[in-house]
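Asks: Handing you a structure now.
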Amino acid sequence: MADKRDYYEVLGVERDATADQIKRAFRKKAVKLHPDHNDASDANEQFAELNEAYSVLSDDQKRAMYDRYGTVDGMPGGSGYVDFSDIFGGMGVDDIFSSIFGGGAAGGSSPRDRARRRAGRDMAISLSISLEEAATGCKKTISYDRLAPCEDCAGSGMGEGGQEKTCPRCNGTGYVTTVQRSIFGQMQSSSPCPDCGGEGTVVDTPCSHCGGEGRVRTHERLDVEVPAGVATGRQLRLHGYGEAGYRGAASGDLIVTIQVDAHERFERHGDDLVCDVHVGIAEAALGCVVEVEGILPDEKFELEVPAGTQYGSALTVDGHGMPRLGGGGSRGRFVARVVVDVPARLSAEAREALERYAEAAGEHAAGTAKKRTMGDRIRDAIDDILD
């Protein structure tokens, strides 16, 4: 199913449902949707969807991640396997249907199901980078622990001369049949074979290093290529670098979630970069050209500030924002947020010039009225006569 339904909708519970409510809803729907009782053409898909929804919502950590991001892709364990024996009080769902309807759950021990169980799980890790690194792209080295293929046996799980053979206890089915008493009376049920763990096969001479699993826990270092233009929340999927599969089965993927750190100068809005640009009061009034440093190394460009620009005005320059991810070199905009700086101290010459401007503009600046003495007025009167 390409488009997954909301897990709460699948289980038929509210988003604030308790763990007990989620468990009861799953038990009710599991009986209804099990392929042995569901005649729909997509019965297996419906049951798998239910299984996946419960595996996430019954796990506090996975549920928290799902509520926040809407997915658990990349989380160790992902939307994993449900332990039905816990849900049905020690009896697996196969046991319930084997007793009520006859036979076991469809496909439970098929080669396809065993291959799915053997496959390694996806893993998740977060990676923090600077805004400059997001703009240029970078190579980062990450360290993490994982189950990796055993080097001694090349992941096969077999020692020298060893072979993988059919389990003699379950005859390759992966299940053993037992009889137990329940509320329904005496019931015959199936459970995973304890000798082969439900695999249907055993290794006669297991590898001494990995104990026959074909994988061992290691600490790994891996170089990650981060493309230019990535933003916070972007996920990079590295195929085959997750948990190794059981006895040579396919490894899961490693999902790297990018976190771009805040920048001291720039604010990022999509592919646009917003930055404060400071100008003087005369520059804002008369207009000017300001040289600005961009986000890329050694990047400088000119910003034209028109005459009469006001404090807080936004001026844009195309092509000097963040590179667009996969955009072939195209970039967003640089947005200048103009800050007009008012000097805290003035030289005598600058003060005199501003006072003349204030007088000419009819402004009543502090200090201008006090300096117009009687002598100033007499000189002004003489100047008027001479003119």
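Asks: Relative contact order of segment 266-341: what whole-number percent is it, with Cα pairs under 8 angstrom and at least 6 residues apart?
Replies: Details: 160 pairs, mean separation 29.1, N = 76.
Over segment 266-341, the number comes to 38 percent.
Asks: Just add up the charged neighbours of ILE129: K/R +1, D/E -1, any other residue whose Cβ is under 10 Å from the Cβ of ILE129. Please list the in-between numbers first.
Replies: Working: positive: LYS140; negative: GLU132, GLU133, ASP261.
Counting the neighbours of ILE129, the net charge comes to -2.
Asks: On to the next question. Between rounded, prolate and oblate, where does segment 266-341 land on the alpha carbon gyration tensor, with a ≥ b ≥ c its root eigenvalues, rounded for a/c under 1.5, else prolate if a/b exceeds b/c?
Replies: Numbers: a/c = 2.62, a/b = 2.17, b/c = 1.21.
It comes out prolate by the Cα gyration axes.
Asks: Once you list every other residue whose beta carbon is under 14 Å from the beta carbon of PRO297, what net charge do they have if Lys and Arg are +1 and Asp and Glu are -1?
Replies: Working: positive: LYS300; negative: GLU132, GLU133, GLU293, ASP298, GLU299.
Once all neighbours under 14 Å are counted, the net charge is -4.
Asks: Segment 160-265: which GluC sites (Glu not before Pro) are DSSP loop and have at most 11 other beta-carbon atoms within 10 angstrom?
Replies: Numbers: sites: GLU160, GLU164, GLU199, GLU213, GLU220, GLU225, GLU243, GLU264; in loops: GLU160, GLU199, GLU213, GLU243, GLU264.
Here the sparse-neighbourhood loop sites are GLU160, GLU264.
Asks: Using alpha carbons only, how many angstrom separate the centre of segment 238-273 from the centre of segment 293-368?
Replies: 38
Asks: In addition: May I ask you to compute the full-extension gain from ASP39 to ALA307, defined as 0.36 nm times their residue separation minus their alpha-carbon distance, rounded to one decimal in nm? Intermediate results must be reported in sequence, preceding the final value.
Replies: On the way: separation 268, 0.36 × 268 = 96.48 nm, distance 7.65 nm.
Between ASP39 and ALA307, full extension yields an extra 88.8 nm.
Asks: Within segment 146-179, list the trypsin sites (Lys or Arg not before Pro) lying in a DSSP loop whose Cβ has at most 16 other Cβ atoms in a 10 Å radius. Could you put the intermediate results ahead of the total?
Replies: Working: sites: ARG146, LYS165, ARG169; in loops: ARG169.
Passing both the DSSP loop test and the Cβ count: ARG169.
Asks: Return the FRET efficiency for the residue pair ASP67, ASP276: r is the Cβ-Cβ distance, R0 is 30 Å, and the value is rounded to the nearest 0.05.
Replies: Numbers: r = 37 Å, r/R0 = 1.22.
With a Förster radius of 30 Å, E is 0.25.
Asks: When DSSP assigns beta bridges and you keep just the ones with both residues in segment 266-341, what percent turn out antiparallel, to the nearest 5? Before the final figure, lay out each step's value.
Replies: On the way: 16 of 24 bridges.
So the antiparallel bridges in segment 266-341 amount to around 65 percent.
No value in this document is a laboratory result; all are computed from the given coordinates. Keep in mind that what you see is a predicted model, and the values were worked out from it rather than measured. No Cβ is skipped: glycine too gets one built from the backbone with ideal geometry, and neighbour counts run over all protein chains shown.
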